[in-house]
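Before we start, here is the structure in question, set down as structure tokens.
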């Protein structure tokens, strides 16, 4: 009998806009090293989530209007090259946006595509509605697991009884590493697997800390 545990597929929904989802995604990459899990990337859109809300600031409305571009590019990559390629692009554009402060404009998107060896013409998807249905469908699958009162990220994994367990978050900074990453994963999955468990929260006392994250794409 093999001593190697069978890997569980973990679905991770992200929006490149969100710095907290970025922090959580870096933690999940660490979890892949210390627990038998394999990430599967999915798009979640803050633009879709908030499109009908009136009680948000003008600055936030402007931000989510800009947010369509990056998720459209992600959808185009997924359709043409698959989820793994989309995940690599998310890493590259996240490094440029969050770790280096370049934003998510055309130059950042083009640079990230080049970083991961994807065709430059994919950048045109940012200004096209061709992939909006795919964005909405992926977003709907994620939000359907957790409800409308959350944001990004959303994580889904098989529970002990075989049912899919999903939760928003965790919101954490800086991204835990090593055994600390493993403990947080074990705890998050354990809590989410309890029927009727909904929320555990405390006030954030600092923003996302990108100091220890790389500023260049490593491949």
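The values are calculated or read from the model by the stated rules, or taken from the named source; none is laboratory data. Here the structure is a predicted model, which means the values were calculated and not measured. Cβ sites come from the backbone with ideal geometry, for glycine too, and all protein chains shown count toward neighbours.
If I filter the stretch 209-218 for residues that are surrounded by 11 or more Cβ atoms within 10 Å (Cβ to Cβ), in contact with a helix residue (DSSP H, G or I) (Cβ under 8 Å, 6 or more places away or on another chain) and farther than 30 Å from residue 77 by Cα, do I get at least one hit?
no
Also, I was wondering about something else. Give the residue that is surrounded by the most Cβ atoms within 10 Å (Cβ to Cβ), with candidates limited to residues of the stretch 67-108 that are free of Cβ contacts under 8 Å to residues at least 40 places away in the same chain, more than 16 Å from the chain's Cα centre (by Cα) and assigned to a helix (DSSP H, G or I).
108
With respect to the numbered conditions (1) in contact with a helix residue (DSSP H, G or I) (Cβ under 8 Å, 6 or more places away or on another chain); (2) within 27 Å of residue 95 (Cβ to Cβ), which one is the sole condition not fulfilled by residue 200?
All conditions are met except number (2).
Could you list, ordered by first residue, the pairs with Cβ atoms under 7 Å in which the first is in the stretch 176-203 and closer than 16 Å to residue 8 by Cα and the second is loosely packed, with under 14 Cβ neighbours inside 10 Å, at least 6 apart or interchain?
193/160
Residue check: is residue 152 in a loop (DSSP other than H, G, I, E, B), at pLDDT 90 or above and within 18 Å of residue 48 (Cα to Cα)? Show your work before the answer.
Values: in a loop (DSSP other than H, G, I, E, B): yes; at pLDDT 90 or above: yes; within 18 Å of residue 48 (Cα to Cα): yes.
So residue 152 passes the test.
Here is a follow-up. Say whether the condition of being assigned to a helix (DSSP H, G or I), free of Cβ contacts under 8 Å to residues at least 40 places away in the same chain, closer than 20 Å to residue 152 by Cα and under 14 Å from the mean Cα position of the chain (by Cα) is met by at least one residue in the stretch 55-64.
First, the residues of the stretch 55-64 that are assigned to a helix (DSSP H, G or I): 58-64.
Remaining after also requiring free of Cβ contacts under 8 Å to residues at least 40 places away in the same chain: 58-62.
Those left that are additionally closer than 20 Å to residue 152 by Cα: 59-62.
Adding the requirement that they be under 14 Å from the mean Cα position of the chain (by Cα) leaves none.
No - not one qualifying residue is present in the stretch 55-64.
I've got another one for you. Could you please let me know if residue 64 is surrounded by 18 or more Cβ atoms within 10 Å (Cβ to Cβ) and modelled with pLDDT under 95? Lay out the reasoning, then the answer.
Numbers: surrounded by 18 or more Cβ atoms within 10 Å (Cβ to Cβ): yes; modelled with pLDDT under 95: yes.
Spelling it out, residue 64 is indeed surrounded by 18 or more Cβ atoms within 10 Å (Cβ to Cβ) and modelled with pLDDT under 95.
Here's a follow-up. So for the stretch 158-166 (the condition being surrounded by 11 or more Cβ atoms within 10 Å (Cβ to Cβ), under 16 Å from the mean Cα position of the chain (by Cα) and within 22 Å of residue 88 (Cα to Cα)), does at least one residue qualify?
Scanning the stretch 158-166, I find no residue that is surrounded by 11 or more Cβ atoms within 10 Å (Cβ to Cβ), under 16 Å from the mean Cα position of the chain (by Cα) and within 22 Å of residue 88 (Cα to Cα), so the answer is no.
Exactly one condition in (1) more than 15 Å from the chain's Cα centre (by Cα); (2) at pLDDT 95 or above; (3) within 30 Å of residue 179 (Cβ to Cβ); (4) surrounded by fewer than 13 Cβ atoms within 10 Å (Cβ to Cβ) is not met by residue 38; state its number.
(1)
Among 179, 121, which is more than 18 Å from the chain's Cα centre (by Cα), under 18 Å from residue 90 (Cα atoms) and not in a loop (DSSP other than H, G, I, E, B)? Before the answer, list the steps.
Details: 179 fails: under 18 Å from residue 90 (Cα atoms).
121 is the lone residue from the list that is more than 18 Å from the chain's Cα centre (by Cα), under 18 Å from residue 90 (Cα atoms) and not in a loop (DSSP other than H, G, I, E, B).
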